[in-house]
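FYI, it's all coordinate maths here, none of it is from the lab. Just so it is clear, the structure is predicted and the values come from calculations on it, not from any experiment. A quick note on method: Cβ atoms are made from the backbone with ideal geometry, for glycine too, and the neighbour counts reach across all protein chains shown.
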Amino acid sequence: MRRVAIVGGGPAGLMAAEQLAAVPGISVEVYDAMPSPGRKFLMAGKGGMNITHSEAPEAFRRRYGARQAEIAPLLDGFGAEQLRTWIHDLGIDTFVGTSGRVFPTEMKAAPLLRAWLHRLRGSGVRFHMRHRWLGWNAAGELRFATPNGEVAVSAAATVLALGGGSWRKLGSDGAWVPLLVARGVSVAPLRPANCGFEVAWSEHFRIRFAGQPVKPVVASCAGHRQPGEFNITEHGIEGGLVYAFSAALRDALAAGEAAVLSLDLVPGRSLERLTADLARPRGHDSLASHLRRRAGIEGVKAGLLREFYPQASTLSAGDLALTLKALPLAVQAPRPLDEAISSAGGVCFAALNDGLMIEQLPGVFCAGEMLDWEAPTGGYLLTACFASGHAAGCAAAAWLQGA
């Protein structure tokens with residue numbers, strides 16, 4: 001039997017293990033630093049496990065932005081439809097939500113993970129928990145720190161699926177970066193993705209509105225426009241709508257440019273209609289009452305207007321309407337990487353062959369979030385992790401059979 005070491009027990013690593021375990025003559029050993037596999041996977045499913053998305057393949061691929069060309073072949077091998085079929089084979093039903101997102105019927109990650117681990121163990125996969133990877137020794141063996149001291153493992157092939165740099169407490173700490181860089185592997189710096197941003201709130205606004213949602217709104221940035229909602233935090237903003245624009249905002253800040261999210265606080269009403277509504281006589285109403293009656297602006301939305309336009313009472317109806325339809329919210333910096341839902345950066349695709357094997361390290365494959373790609377939430381992150389794990393596992397098996 002030829003031993004394959006899978007380093008990392010998240011979706012990418014487990015999917016690679018499943019492909020390899022199906023090949024006769026290969027024994028699969030999974031090593032993970034955490035006490036149990038799939039810690040981040042379970043946390044991601046705590047509020048409802050969004051496993052993938054039902055949109056058309058072409059639109060699906062566009063979600064990967066600058067890495068669309070690299071991710072597309074992986075999705076061709078194991079995309080959203082194959083993922084749903086695979087889940088059904090585990091005995092887990094799925095459904096498509098109103099937004100097109102796909103969920104397990106029970107909305108939880110735990111039943112899926114339990115069924116998967118049971119099947120993996122039944123196929124002969126062995127798990128070694130609390131094994132933190134330390135790189136290689138002089139003999140080319142894998143080094144692991146364990147509760148009983150350091151151990152060395154010899155493997156015919158290795159799949160690294162160590163995650164990105166977010167959610168350190170769940171195992172994705174980016175500690176693998178210097179280990180690969182020391183071997184001459186090209187790694188793009190890890191950066192926060194699907195993250196919140198800092199905003200210079202006034203003390204009054206922070207105390208009054210931290211924790212409140214802003215909805216409904218339509219946000220615009222870098223030529224993209226999207227409806228949704230987000231939350232005010234003590235430090236700034238976070239939530240689904242912010243995450244959708246996080247790459248554009250983060251990259252603008254990195255380039256030394258202004259990073260501004262333009263907010264339409266009155267979606268569904270044209271600028272002309274809103275101008276006419278606000279031009280109606282105010283009578284004895286204060287501006288706050290007038291905005292509430294004529295535009296539905298109150299609470300946190302009114303607070304945002306006062307925060308950025310304290311002189312709003314001096315604006316004409318047209319200028320006030322224009323401000324409400326395009327309120328500029330400038331962000332100062334992304335929140336720390338460890339707070340982000342995911343990370344950008346990682347092992348550069350130029351360092352890999354088509355089978356995700358590191359060119360400089362024959363027999364060493366990479367998968368999952370440790371690769372240099374990013375995607376929005378909505379099932380796209382998990383789908384690419386599964387797809388890259390599937391590709392790496394199949395490629396590792398083929399490499400062993402041809403070696």
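Just a few scattered comments:
- Charge sum, other residues only, whose C-beta stays under 15 Å from Met129's C-beta, Lys/Arg counted +1 and Asp/Glu -1: +4
- Net charge over other residues, Cβ less than 10 angstrom from the Cβ of Gly171 (K, R count +1; D, E count -1): +3
- Listed by chain and number, the aspartates and glutamates whose alpha-carbon sits under 13 Å from that of Lys301, ignoring those within fewer than 8 places in the same chain, are Glu229, Asp264.
- Cα shape, the stretch 62-124, gyration tensor, a/c 1.5 rule: oblate
- Of all DSSP beta bridges in the chain, antiparallel share, percent nearest 5: 70
- Rounded to whole numbers, the Karplus 3J(HN,Hα) couplings from phi for the stretch 28-36 are 10, 10, 9, 10, 8, 6, 7, x, 8 Hz, using 6.51 cos²θ - 1.76 cosθ + 1.60 with θ = phi - 60°, and x at Gly and Pro.
- Spatial separation of Cα centroids for the stretch 329-347 and the stretch 257-319, in angstrom: 31
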